[in-house]
Structure formats: structure tokens, C-alpha cells
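Here is the structure we will look at, set down as C-alpha cells.
The values are calculated or read from the model by the stated rules, or taken from the named source; none is laboratory data. On a predicted model such as this, the values are computed, not experimentally measured, just so you know. A quick note on method: Cβ atoms are made from the backbone with ideal geometry, for glycine too, and the neighbour counts reach across all protein chains shown.
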Amino acid sequence: MTGNSAPRLSVAVQAGLGSFTLQASLEVGAEPLALVGPNGSGKTSLLLTILGLHKPERGRIVLSDEILFDAALAIDRPTEERHLAYLPQDFGLFPHLTAIDNVAFALACRSARVSTKQRRSEAMAWLERFGIGNLGERNPSRLSGGERQRVALARALASSPKALLLDEPTASLDVEARVEVRAFLAESIRSLGLPTILVTHDAMDVEALASRVAVLEKGHVVACGLLSDVRRAPPTSFASRLFSSSTVPKTSGIASPSLQ
Amino acid sequence: MTRRKLLLGALVAACSTAPLFAMRARGGEAQEVVVFAAASLREVLQKVALTFEKRHPNSKVRFSFAGSQDLRVQIEQGAKVDVFASADWKHMKLLADKEMVIEPVVFARNLPVVVVPKNNPAQVRTFADLPKATHLVVGAAEVPIGAYTEAIIAAAERLYGKAFHEAILARVCSRELNVRQVLTKVALGEADAGIVYKTDALTMPDKVQIIEIPSQINIVAEYPIAVLKAAPHLDLARAFVKLVLSKEGQKTLAEAGFNQVGKQRTK
Amino acid sequence: MLGLGGLLLLFLVLPFVALVLDGGPEAIWRGLGCSLTWPALRLSLGTTLISVVLVVVGGTPLAWWLARSRWRSARWLEILLQLPVVIPPAVGGIALLLAFGRRGLFGGTLERLGWTPAFSVVAVVMAQVFVSAPFYLQAAVQAFGRLDPNLLAVARSLGASPPRLFVRVALPLARPWLIGGAAMSWARALGEFGATLMFAGNMTGKTQTLPLAIYTALELDIHTAQALSLLLVVFAFALLLFLRRFNRGFEAARGAATP
């Protein structure tokens, strides 16, 4: 609660996860945070907890000046009122709706009183802003991975979110699409300036999309800091393996031209 | 391919051993007399069978109790049966017409009666009170008890007038497919009154009260019995029918509420 | 393997062949002319239609709740709701009588309110709903359970209220399975016999549905019963075929789509 000027997501929660306890504190401001860790370390669970799909036993989640969850105060806002944009691994487009209707769905959730026609034209504007105005009438199954991601992002932003949660945004794509998607995402995240948490397995994602890193191990945040710091002194064997597989200058070299 | 042959082989083997078992059963000690009997005869014929098995130590009576109609169809379709005991003449005649039975005779008579729940919510005390019942359950016209009921109600019109007749028809809320269902609905109190055979009514003395139907409009149900022409155990079948018709058999039937054959009224 | 499958196929198909062939077309034609036929057909169509609508309208939200509930008792409830499938329908009919009959558990209250369902068309529908709802519920619970949790999470994160989530996301996604479940449930209602006979009784034009008419006709003449059965079979077959086509068309429309 540092004021209204800079949007900020602060999370401090404790939740049972079966074999271990998730105990994590994170602060995310305008600098995107990558959440890394081995499989089963609780990354996705943490994301779902922030979303309000898992209920923690203790703790507090605050988005800017709004309390989303507070165990002590018995505040638990439902997912639909948290204004968090969530992009799952496969982007989660509704298969029964066209691209334009996927975006219109988000608009309808936030403002029910607008006519369908008006909503669709607004949705179209969103698609055009993401350079896919020509694909509006397509079903998601007839879109490429990159196109799907653009629709998903357009839809997420149409719901006027206050923070962005991405779960493995490039994992379901083939190698070429990955490069395109990564570049596009990087640009979007930077220009939005929303608190962003990114769960990933991929060092290239981290390099291109995040400026801070949190390393999760068995439900605990074992390190959290600037990307360069964590890369220099990896706190766990997982982290050292993650960052040894990529070379820094090259990755940012690919990503940065598209950023400008 | 070989697996298929193997399976086929197994099948053939199974088929060829089957007659062996059948032979042993036939050659063994106990001979089975198969009796197809109307459902309402269950308790009484089982008693008769006990006596029969005592008299014929090497025999065993096997029953199939069902609606006379179902049993008749099964017999027509080739069921291997020794004795058929029907709840009415209709099905026995159908078999007689096909010359499938030997000299059917009446072995029991039964009287339709009115039954009301024990607490008698509609206060039905006599047959003439029947219109007091708001829910009346009878047999469907297609089954014997229903046909009798229809004839009784038609006769009642002559005795009590048209209004009575119409009142009764208006109260009928279900036409059940067998006597037991009529009885169950009265016993459960779902119906205020029903018409069933006396023998059935006597099986639930703590649930229902019996009200006699005036004899001038009542109809006596006749139960014919016969040995099948194709009976696998002709002699035993004849012995069973003989026992049913004997004094002893008739006594058992009378105990169950059947009217004895003695005072015959020919069909 | 193929041989065994073929045997089962023969076993399942031959009775229907016999149903068609035995007696010849003339006997069947005569059977259709039986006075029981048309009132029973009309009643069966009307009541099963109402039943299936009731089952779907009540069963869909119930299944949605069951599928999403983290409440432990919901699993037990799910099993409990499957019981009507196992108990013989006649017992179901008795249970309905004991609950809603004139002397039943709630019968007295209902009667004081001036409403006695037993032996009425309402009872026919109640019996059908009782025996057929589990088929729909099971299909619907499974359908909702199979939905991609990510899609539901995304919809909620976009701000979809619970009703919108249900109507705009869950229903359209589960639709093919829901339709399949409704078809099964409808077919079960159409064939319902035991519970109806116990609870609703057997009155031509009032509570005598097609299966009851068939059983009643059996007492008259086997060919009449056969004709009525054929009518039932043909009718059910046509409807199931239609639903399958309809569903496939729907899938094709969506999947024209799928590469």
C-alpha cells in the first residue's frame, strides 16, 4: 500500500499443498517477475492462489490499494473480482467462440449493458491493435500458436486487468513460434507496465521477459532479486542449471530489436 | 487363426458334454416334475408338493409361478412342462385347441371379493357402499380378475341401477395387471377399495378387510389343471394332478380359501 | 476376438429381427389398430418430453454443482443419486408411493394441499423422472468434470460471474455430452414400466404409457404387444439417430475447425 501511483502486487501466503507447505512472499511492481523452480515446487499453485482458485490458510494478497485476500480480516475476493489477467500455458481460448467473440466475452463480463454490436466492434478494435483484425471470425483451432497468444492477450487486456499472470507462455509452442511470441510478449509487458508474474521453465523466457527472478523450492522462495544477481549467484542447483543453459548476450540480442 | 480354432474347439467340447449331464440327471435318483402354475396358487400348491414328494420319494416338484398368460405363451414356445394349472379357462382352452394338454379339469374355485384397507378410510361396509371409495383399483379387463370384475360391475348395474354403475366406473383410478398389484395398493392404503380373489385377500389378514360380493352378481373363478401331452414325466404328472384332485389336496385348497370343487357349476 | 464380438452382435440383434419378422406385417398392422395404441403413444410422447425437460432443467445445475463441489459429501451424494439405476423400477415405484402416495410420508401434507399425485399423469412423469434422471446426471457430472480447468479459471479471471461461467462457458463446452445424456435419459423414460405401474397405475389414456400398453396387450394377443413394441423401438431408434446426427453436425461445425 505505497499509494496509487505505482501499481504493485504484494503476496505473502501460507497454504498446505499436500506433501509440503507453500510459504511465499513476493512483491511485484512495474518490473516483471519470473517465478522459476523445479516441477512440483509450487509455482503454478502460487499463481492459482493469487488468482483466488486456491485458498491459503494464512497471509495476505494486496493489489495496489485493494486487499484481495486477508486471512486475519477474513477477506477473500472471488477470482472474478480480482482483476487479474491469467494466461495459462495453452492460452485458454474458448474453443466454442470465434476470436472476436473470445474478446467480446471479456468485455461482456466487465460491462453487461453494452449492446452486442457495440461490444463486437470494440473487440475488433482490440484485435486490430494486436495486428490480427483479419482473424476475427476464426475459431481458435484454426489459429496458429502465435495468433492464439495474441487473441488471448487482447482478451486479457480487454478485461482491464490490474496485474498479469502468465503460466509457461511459450511451452506449448514450437521453436519458431516461441521466438515470435516471446518478442511480442516482451514488448506488450513492457508497454503495459502492469505488475506481471511469469511462471516458466525456460531461461530464454526469463531473459527476455523478466527483470527480476524469484526461485521457488519446495514451496519456499529461496531467492528473489534482480535477474543479473540471481544469474551471477544461483541459489539452488536448479537455478544454476537453468541459467547455465543459456548465454545472456545472445538471448537479449534476439529479443531487444523487436522491443524498440 | 489358431486361437480362433481353439475357441471353436472349446465350444464344441462344451456342447458335446452337455447331453452327458442331461443323461445323468435323467438316470439319477430324483425325477423332476415341472409344474407351471398361476401366481395365486403359489402357497397352496407348494403345500401339495410337499405331500407329493413324501409319497414319491424319488421325485421333486419344480414350480414356475407367473401369470397364466405368460405361462401359456412359454408352453406354446416349447417349454418342457409336465403340468399346467391356470387361473382361468381362457389360456387352458387355447392350449386345448392346439391339442397340447390332456383333459383339463377344474380343481379349484375362487370367489372375487372386495377388499378395503384395515382402517377402512372410506367407510365401505357392504358392496353397495363401493361408490364411497374415492380411489378404486381393479384388474385390467385383459387379465382374468379384471374380466370377472367387469362382469360383476355389469351385473351390479342390474341390481343397483345405472347411477351405481357409473359411480363405480368413475372411481376406478387404475386397472392393474395382476391381483397382487390390486391387493398391494389397497394394503398400502393408496386405494380405498379393490376387487381381488378371496384367497389373495386372506394372505394379508392384518392389512385388509374382506367384504363379500352378493352371490347373485358374483362370478366364480374356475382354475383348470391338466397334464401336458408332451410331458417328460407323464406318470408322475398324472399322479400330481390326481393328488390335487384328491380329498387331501382339496382340503389343502379349502384351507387356503379356495371353494371346493364338490359344488360344481359347469362352465 | 472377432468371432466373439460377432456372437454378441448376433445375440443382441436377433431378438429385434424376430420382433420384426414373427407374425408377418399383417399381424403387426392389425396390432397397431388396437385401441390401446394411440392413447398410449400420445401419453408416452407427452410425458417423456416433460420428464426429459424436467430432468435437464433440474439436473444440469445440480450436476454442475456436484462436479465443482469440493465438499466431500458431494461424492457420496453423487453415488446416492445413482441408486435408482440399480434398484428394480417396481421397488422405485413402491418407494415413490411410500413417499408421495396418499398414505405416504408426504402424502398427507400433499393431500391437505389438495394434490394427490398417485394414479395421475403427474405420477407418470414423477416415475419417469425418478428412474431416468440418474442417466442424465451421470453424463452431466462427467461432462462438467472433464472441462478444461484452465478455461474455467481464465473465464473467472476475466470477470465472469458464476452464472455467466455456467451459461456461456460450461454449458456450450459440455453440450455434446449433455445432449447424449439427455438422450439416454429420455430413452430410459420412454421404456419406463415398473415404477409407473406401481406409482401411476394403469389407465388407458391417463396413465397407460406405451410400455404399460405393451404389457396389457400381452394379455390380449402377442402380436398386438409385438406391434406396440416395434412402434416403441422404431420411435426410439429414430430419435437416437436424430440426436446422434445432430450432435455430429454440431461437432463438425466446431471441428471444421480442428486441423
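At least 3 residues that are touching a helix residue (DSSP H, G or I) at 6+ places or on another chain (Cβ under 9 Å) and within 14 Å of chain C (Cβ to nearest Cβ) in each: list the strands (runs of 3 or more DSSP E) lying fully within the stretch B:140-214 that qualify. Give the derivation first.
Working: elements: B:172-176, B:193-197, B:208-211.
Answer list for the stretch B:140-214: B:172-176.
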Give the residue that is surrounded by the fewest Cβ atoms within 10 Å (Cβ to Cβ), with candidates limited to residues of the stretch C:213-239 that are over 18 Å from the mean Cα position of the chain (by Cα) and more than 12 Å from chain B (Cβ to nearest Cβ).
C:230
Within the stretch A:109-139, the residues that are within 14 Å of chain C (Cβ to nearest Cβ) and touching a helix residue (DSSP H, G or I) at 6+ places or on another chain (Cβ under 6 Å) are A:119, A:123, A:126, A:135, A:138
Subset of the stretch A:94-106, residues within 11 Å of another protein chain (Cβ to nearest Cβ) and surrounded by 24 or more Cβ atoms within 10 Å (Cβ to Cβ), comes to A:102, A:103, A:104, A:105, A:106
Applying the selection to the stretch A:59-78, what residues are buried (at least 23 other Cβ atoms within 10 Å of the Cβ) and either β-branched (Val, Ile, Thr) or within 10 Å of chain C (Cβ to nearest Cβ) (or both)?
A:61
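Quick check, is residue C:98 within 14 Å of chain B (Cβ to nearest Cβ) and assigned to a helix (DSSP H, G or I)?
Details: within 14 Å of chain B (Cβ to nearest Cβ): yes; assigned to a helix (DSSP H, G or I): yes.
Against the criterion (within 14 Å of chain B (Cβ to nearest Cβ) and assigned to a helix (DSSP H, G or I)), residue C:98 qualifies.
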Only one of (1) among the basic types (Lys, Arg); (2) crowded, with 24+ Cβ neighbours inside 10 Å; (3) over 30 Å from residue A:111 (Cβ atoms) fails for residue C:102. Which number is that?
(2)
Which residues, taken from the stretch C:143-164, are at the interface with chain A (Cβ under 8 Å from one of its Cβ atoms) and either at pLDDT 95 or above or buried (at least 20 other Cβ atoms within 10 Å of the Cβ) (or both)?
C:151, C:153, C:154, C:155, C:156, C:157, C:158, C:159, C:160
For the list (1) buried (at least 20 other Cβ atoms within 10 Å of the Cβ); (2) farther than 25 Å from residue C:225 by Cα, I need the number of the one condition that residue B:105 fails.
(1)
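In this structure, does residue A:136 turn out to be exposed (fewer than 14 other Cβ atoms within 10 Å of the Cβ) and either modelled with pLDDT of 85 or more or over 28 Å from residue A:68 (Cβ atoms) (or both)?
On the way: exposed (fewer than 14 other Cβ atoms within 10 Å of the Cβ): no; either modelled with pLDDT of 85 or more or over 28 Å from residue A:68 (Cβ atoms) (or both): yes.
For residue A:136, the condition - exposed (fewer than 14 other Cβ atoms within 10 Å of the Cβ) and either modelled with pLDDT of 85 or more or over 28 Å from residue A:68 (Cβ atoms) (or both) - is not met.
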Result of the Cβ filter at 9 Å on the stretch A:49-74, keeping first residues that are outside the structural domain of residue A:166 (by TED's automatic domain parsing) and closer than 21 Å to residue C:154 by Cβ and partners that are among the acidic types (Asp, Glu) and surrounded by 21 or more Cβ atoms within 10 Å (Cβ to Cβ), at least 6 apart or interchain, is none
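Do any helices (runs of 4 or more DSSP H) entirely within the stretch A:158-248 hold 2 or more residues that are among the aromatic types (Phe, Trp, Tyr) and modelled with pLDDT under 90, and if so, which? Let's see the steps before the verdict.
Details: elements: A:175-192, A:203-209, A:227-232, A:237-244.
Answer list for the stretch A:158-248: A:237-244.
Being in contact (Cβ under 8 Å) with a residue 40 or more places away in the chain, more than 30 Å from residue B:70 (Cβ to Cβ) and surrounded by fewer than 22 Cβ atoms within 10 Å (Cβ to Cβ) narrows it down to one of B:132, B:162, B:198, so name that one.
Values: B:162 fails: in contact (Cβ under 8 Å) with a residue 40 or more places away in the chain; B:198 fails: more than 30 Å from residue B:70 (Cβ to Cβ).
Answer to the check: B:132.
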